[in-house]
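The values are calculated or read from the model by the stated rules, or taken from the named source; none is laboratory data. Note that the structure is predicted; figures quoted are calculated from it, not measured. No Cβ is skipped: glycine too gets one built from the backbone with ideal geometry, and neighbour counts run over all protein chains shown.
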């Protein structure tokens, strides 16, 4: 029997997280499907996560997969800090510069990304998110913050 180690590991992680959150949600009131308590939705999502983990684990036993490749350190170094950069700069710089810097930083997770393309991506994402969140949804974000002389 051949086992796809990558999918087996993925399935095991899904099952473990689902079991953890499912057991933690049992301490809250569940309610009924028509009158849901605070523990109902987390338990429901944990069940879905466990089922998905089982499907992936069973698939790992049935189909041979590719070997696990190298660890994407560059991607992790640029993607994981991006939300932290956004959170740290949002209040001081404002929404527009924070989105621009976060997108610019995260875009370099790819080895194929070049500076002009990254700048274009950052401009497009900044325009899109500003239109959607500030003007479309009317979220109360300050466009430019006090670090840039705006009050």
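Residue 131 falls short on exactly one of the conditions (1) under 30 Å from residue 8 (Cβ atoms); (2) over 21 Å from the mean Cα position of the chain (by Cα), and that condition is (1).
Does residue 45 satisfy the criteria of being on the phi < 0 side of the Ramachandran plot, assigned by TED's automatic domain parsing to the domain that holds residue 144 and without any contact (Cβ under 8 Å) to a residue 40 or more places away in the chain? Please lay out each step first, then the result.
On the way: on the phi < 0 side of the Ramachandran plot: yes; assigned by TED's automatic domain parsing to the domain that holds residue 144: no; without any contact (Cβ under 8 Å) to a residue 40 or more places away in the chain: yes.
In short, no.
Quick one: would you say residue 52 is modelled with pLDDT under 95, assigned by TED's automatic domain parsing to the domain that holds residue 22 and either touching a helix residue (DSSP H, G or I) at 6+ places or on another chain (Cβ under 6 Å) or farther than 22 Å from residue 8 by Cβ (or both)? Before the answer, list the steps.
Working: modelled with pLDDT under 95: no; assigned by TED's automatic domain parsing to the domain that holds residue 22: yes; either touching a helix residue (DSSP H, G or I) at 6+ places or on another chain (Cβ under 6 Å) or farther than 22 Å from residue 8 by Cβ (or both): yes.
Criteria not met by residue 52.
Against the definition (closer than 30 Å to residue 140 by Cβ and crowded, with 18+ Cβ neighbours inside 10 Å), how does residue 99 come out, yes or no? Please lay out each step first, then the result.
Values: closer than 30 Å to residue 140 by Cβ: yes; crowded, with 18+ Cβ neighbours inside 10 Å: yes.
In short, yes.
Taken across segment 59-75, residues that are over 30 Å from residue 108 (Cβ atoms), within 20 Å of the chain's Cα centre (by Cα), surrounded by 14 or more Cβ atoms within 10 Å (Cβ to Cβ) and in contact (Cβ under 8 Å) with a residue 40 or more places away in the chain do not occur at all. Could you tell me whether residue 37 is surrounded by 12 or more Cβ atoms within 10 Å (Cβ to Cβ) and touching a strand residue (DSSP E or B) at 6+ places or on another chain (Cβ under 8 Å)? Yes; evaluated as a whole, the condition is true for this residue.
Being farther than 23 Å from residue 62 by Cα and in a loop (DSSP other than H, G, I, E, B) is the filter here; which residues of segment 1-50 pass it? Hits for segment 1-50 are 26, 27, 28, 29, 30, 32, 33, 34, 35, 37, 38, 39.
If we keep just the residues of segment 112-148 that are in a loop (DSSP other than H, G, I, E, B) and over 22 Å from residue 87 (Cβ atoms), which is modelled with the highest pLDDT? Lay out the reasoning, then the answer.
Our first condition is that a residue be in a loop (DSSP other than H, G, I, E, B); within segment 112-148, this holds for 112-114, 137-145.
Checking the rest, the ones that are also over 22 Å from residue 87 (Cβ atoms) come to 112-114.
Details: 112: 91, 113: 92, 114: 95.
Among residues in segment 112-148 that are in a loop (DSSP other than H, G, I, E, B) and over 22 Å from residue 87 (Cβ atoms), the one modelled with the highest pLDDT is 114.
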